[in-house]
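Below is one structure, written out as structure tokens; comments come after it.
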Amino acid sequence: MDDLVHGHCERGFEGVRDALAAALRTGVEAGAALAVHVDARVVLDLWGGHADAARTRAWERDTLVNLYSVGKAISAVCALRLVEAGLLDLDAPVARYWPDFAQSGKATLPVRHLLTHQAGLPAVARRLPPTAWRDWALMTSALAAQKPWWTPGSAHGYHVNMQGFLIGEVVRRVTGRTYGAYLRESLAGPAAIDFTVGLDPAREARCAELVPRPPSPEDEPLRRALSVDPATLSGMNLMRFNTYRNPPELSGTGVVNTQAWRAAEVPSTNGHGNARAVARLYSALAGDGTVDGVHVLSPDTIARAIEPQVDGDDLVLQRPTRFGLGFQLTMPERPLGPNPRAFGHFGAGGSLGFADPDAHVAFGYAMNQGRAGWQHKHVRHLIDLVYAAL
């Protein structure tokens with residue numbers, strides 16, 4: 001075995017392991033981990049590289065890393081569990097559970113639209129202080145007061161950072177617990193899924209640094225868009241800027257490696273976990289909805305969650321996106337393997353979790369550098385090799 005990569009590799013999957021080693025050797029990744037289940041059997045559980053920018057600390061078996069938008073699918077699972085429990089109705093107005101949300105024409109906006117990016121609330125218009133992301137009450141009150149940027153349900157646009165606050169506040173109102181506590185106590189703890197929103201000090205030492213990604217021509221339009229003075233913007237251009245930069249540190253900009261960022265609850269953006277945890281969750285979703293006897297979601301709920309809800313031009317990202325109830329669905333521009341029902345969620349740089357219920361495959365990938373660009377071709381290569389080995 002290549003000494004750059006450690007862990008378990010079932011016979012026949014050596015090509016995947018070698019490709020991960022090559023990514024580490026050539027600097028495509030600084031540190032990374034990959035886990036794959038087939039028919040609920042662990043066929044790959046690999047890790048390697050470095051957990052810091054200085055390349056002095058090895059990536060270990062239990063290293064955690066900020067997985068960015070991988071956490072969006074996990075918040076969807078939490079909401080769907082409340083639906084199964086009879087505590088949440090996707091077609092009821094959000095304001096039934098969160099009365100202040102009825103402001104600014106949102107009295108009838110259904111919970112469903114929070115999951116499908118149709119709510120028209122990817123950004124707050126009024127300027128927020130840089131550290132507002134730490135203040136749950138401030139963020140959720142600003143969203144409650146915000147007028148939708150488009151008529152809810154008429155279009156969709158990726159709620160890059162705000163979806164987690166929106167779903168998380170509904171979870172808090174329904175359960176009486178913060179989103180992070182509900183996730184930990186209801187799902188992650190019982191199912192032994194090593195993923196958390198609101199990293200506790202005991203886990204801090206296990207956390208990898210996020211390493212700046214090399215520039216890419218694919219990201220140049222976004223970089224230019226975020227380098228302007230927001231005072232010069234209006235309408236949808238202001239919406240797109242504020243989606244990432246209001247408050248200025250909202251996407252983790254400048255703070256992503258701080259203890260304050262890791263400890264806060266920013267559910268769409270700052271969940272910390274590892275590939276093993278992500279694959280474990282998706283193994284349940286690729287199968288009967290359980291993991292080691294612990295219920296995650298019922299097969300009927302999973303089937304409803306992966307029915308396409310929106311498919312087409314995204315008003316925020318300005319490219320095609322395709323979503324079920326909180327899950328990204330496979331699409332030609334960014335396939336999750338060869339099968340049409342695959343679903344999951346990418347995170348910035350290429351972190352990924354997905355399930356393929358037809359092949360009974362679950363895939364988890366975590367890294368601390370990644371590559372720029374939204375198609376994540378280096379990760380897709382690993383996916384292709386997994387399917388070639390089946």
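Please work out which residue is farthest from Thr56 (Cα to Cα), limiting yourself to segment 194-221 and to residues that are surrounded by 10 or more Cβ atoms within 10 Å (Cβ to Cβ) and either without any contact (Cβ under 8 Å) to a residue 12 or more places away in the chain or among the acidic types (Asp, Glu) (or both).
Top of the filtered list is Pro221.
Which of the residues that make up segment 251-293 are within 13 Å of the chain's Cα centre (by Cα) and farther than 22 Å from Trp47 by Cα?
Selection gives Ser251, Val266, Pro267, Ser268, Thr269.
Check Leu121, Leu82, Leu128, Leu90 and return the single one that is in a loop (DSSP other than H, G, I, E, B), of a type in the set (A, V, I, L, M) and more than 28 Å from Pro248 (Cβ to Cβ).
On the way: Leu121 fails: more than 28 Å from Pro248 (Cβ to Cβ); Leu82 fails: in a loop (DSSP other than H, G, I, E, B); Leu128 fails: more than 28 Å from Pro248 (Cβ to Cβ).
Within the list Leu121, Leu82, Leu128, Leu90, the selection yields Leu90.
Hey, among Val65, Val43, Val70, which residue is over 21 Å from Glu249 (Cβ atoms) and at pLDDT 95 or above? Explain how you work it out, then say what you get.
Working: Val65 fails: over 21 Å from Glu249 (Cβ atoms); Val70 fails: over 21 Å from Glu249 (Cβ atoms).
Going through Val65, Val43, Val70 in turn, just one is over 21 Å from Glu249 (Cβ atoms) and at pLDDT 95 or above: Val43.
Of the residues Ala303, Ala362, Ala389, only one is at pLDDT 95 or above and exposed (fewer than 15 other Cβ atoms within 10 Å of the Cβ); which? Don't jump to the end; show me each part of the working.
On the way: Ala362 fails: exposed (fewer than 15 other Cβ atoms within 10 Å of the Cβ); Ala389 fails: exposed (fewer than 15 other Cβ atoms within 10 Å of the Cβ).
Of the residues listed, the single one that is at pLDDT 95 or above and exposed (fewer than 15 other Cβ atoms within 10 Å of the Cβ) is Ala303.
Could you please find all residues in segment 314-337 being part of a strand (DSSP E or B) and of a type in the set (S, T, N, Q)? Break it down into steps so the answer makes sense when it comes.
Taking segment 314-337 and keeping what is part of a strand (DSSP E or B), we get 320-323, 328-329, 331, 334.
Across segment 314-337, the qualifying residues are Thr321, Gln328.
Does Ala76 meet the test of being among the hydrophobic types (A, V, I, L, M, F, W, C), touching a helix residue (DSSP H, G or I) at 6+ places or on another chain (Cβ under 8 Å) and part of a strand (DSSP E or B)?
On the way: among the hydrophobic types (A, V, I, L, M, F, W, C): yes; touching a helix residue (DSSP H, G or I) at 6+ places or on another chain (Cβ under 8 Å): yes; part of a strand (DSSP E or B): no.
So Ala76 fails the test.
For Ala264, indicate whether it is buried (at least 19 other Cβ atoms within 10 Å of the Cβ), aliphatic (A, V, I, L, M) and in contact with a strand residue (DSSP E or B) (Cβ under 8 Å, 6 or more places away or on another chain). Give the derivation first.
Details: buried (at least 19 other Cβ atoms within 10 Å of the Cβ): yes; aliphatic (A, V, I, L, M): yes; in contact with a strand residue (DSSP E or B) (Cβ under 8 Å, 6 or more places away or on another chain): no.
Against the criterion (buried (at least 19 other Cβ atoms within 10 Å of the Cβ), aliphatic (A, V, I, L, M) and in contact with a strand residue (DSSP E or B) (Cβ under 8 Å, 6 or more places away or on another chain)), Ala264 does not qualify.
Which numbered condition trips up Leu34, out of (1) touching a His at 6+ places or on another chain (Cβ under 7 Å); (2) part of a strand (DSSP E or B)?
Among (1) touching a His at 6+ places or on another chain (Cβ under 7 Å); (2) part of a strand (DSSP E or B), the lone unmet condition for Leu34 is (1).
Name every residue in segment 159-187 that is within 15 Å of the chain's Cα centre (by Cα) and either outside any helix (DSSP H, G or I) or without any contact (Cβ under 8 Å) to a residue 24 or more places away in the chain (or both), in order of residue number.
His159, Val160, Asn161
Is there a residue in segment 229-238 that is out of contact with any Cys (no Cβ under 9 Å at 6 or more places or on another chain), more than 29 Å from His156 (Cα to Cα) and not hydroxyl-bearing (Ser, Thr, Tyr)? Give the derivation first.
Quick first cut of segment 229-238, residues out of contact with any Cys (no Cβ under 9 Å at 6 or more places or on another chain) only: 229-238.
After this cut, where a residue has to be more than 29 Å from His156 (Cα to Cα) as well, the list is none.
No, there is no match, as no residue in segment 229-238 is out of contact with any Cys (no Cβ under 9 Å at 6 or more places or on another chain), more than 29 Å from His156 (Cα to Cα) and not hydroxyl-bearing (Ser, Thr, Tyr).
Residues being among the β-branched types (Val, Ile, Thr) and closer than 18 Å to His381 by Cβ: count how many of those fall in segment 22-79. Show your work before the answer.
So in segment 22-79, the residues among the β-branched types (Val, Ile, Thr) come out as 26, 28, 36, 38, 42-43, 56, 63, 65, 70, 74, 77.
Pick out the ones that are also closer than 18 Å to His381 by Cβ and you get 26, 28, 36, 43.
So the count comes out to 4.
Within the set of pairs 6+ apart or on separate chains, which have a first residue in segment 66-84 that is more than 18 Å from Ile302 (Cβ to Cβ) and of a type in the set (Ser, Thr, Tyr), a second that is surrounded by fewer than 24 Cβ atoms within 10 Å (Cβ to Cβ) and at pLDDT below 95, and C-beta atoms under 6 Å apart?
Final answer for the pair search is Tyr68/Ala348.
Rundown of residues vs (1) buried (at least 18 other Cβ atoms within 10 Å of the Cβ); (2) more than 23 Å from Phe241 (Cβ to Cβ), yes/no style:
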position: Leu67; (1), (2): yes, yes
position: Ala92; (1), (2): no, yes
position: Leu114; (1), (2): yes, no
position: Pro129; (1), (2): no, no
position: Ser141; (1), (2): no, no
position: Trp150; (1), (2): no, no
position: Ser154; (1), (2): no, no
position: Val160; (1), (2): yes, no
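Mind checking which residues of segment 241-258 are surrounded by fewer than 20 Cβ atoms within 10 Å (Cβ to Cβ), touching a residue at least 60 places away in the same chain (Cβ under 8 Å) and among the hydroxyl-bearing types (Ser, Thr, Tyr)?
Answer for segment 241-258, where residues must be surrounded by fewer than 20 Cβ atoms within 10 Å (Cβ to Cβ), touching a residue at least 60 places away in the same chain (Cβ under 8 Å) and among the hydroxyl-bearing types (Ser, Thr, Tyr): just Tyr244.
List pairs: first in segment 86-115 and farther than 23 Å from Leu138 by Cα and of a type in the set (Phe, Trp, Tyr), second at pLDDT below 95 and part of a helix (DSSP H, G or I), Cβ under 8 Å, 6+ apart or cross-chain?
Partner pairs satisfying both residue conditions: none exist.
Taking segment 288-333, which residues are without any contact (Cβ under 8 Å) to a residue 60 or more places away in the chain and touching a His at 6+ places or on another chain (Cβ under 7 Å)?
Gly289
Could you check segment 210-305 for helices (runs of 4 or more DSSP H) lying wholly inside it with 1 or more residues that are in contact with a Ser or Thr (Cβ under 9 Å, 6 or more places away or on another chain) and more than 26 Å from Ala54 (Cα to Cα)? Reasoning before the result, please.
Details: elements: 220-225, 235-245, 259-263, 275-286, 299-305.
In segment 210-305, 235-245, 275-286 are the helices (runs of 4 or more DSSP H) which contain 1 or more residues that are in contact with a Ser or Thr (Cβ under 9 Å, 6 or more places away or on another chain) and more than 26 Å from Ala54 (Cα to Cα).
The values are calculated or read from the model by the stated rules, or taken from the named source; none is laboratory data. Everything numeric in this text was worked out from a predicted model, so none of it was measured. Every residue, glycine among them, receives a Cβ derived from its backbone with ideal geometry; neighbour counts consider all protein chains shown.
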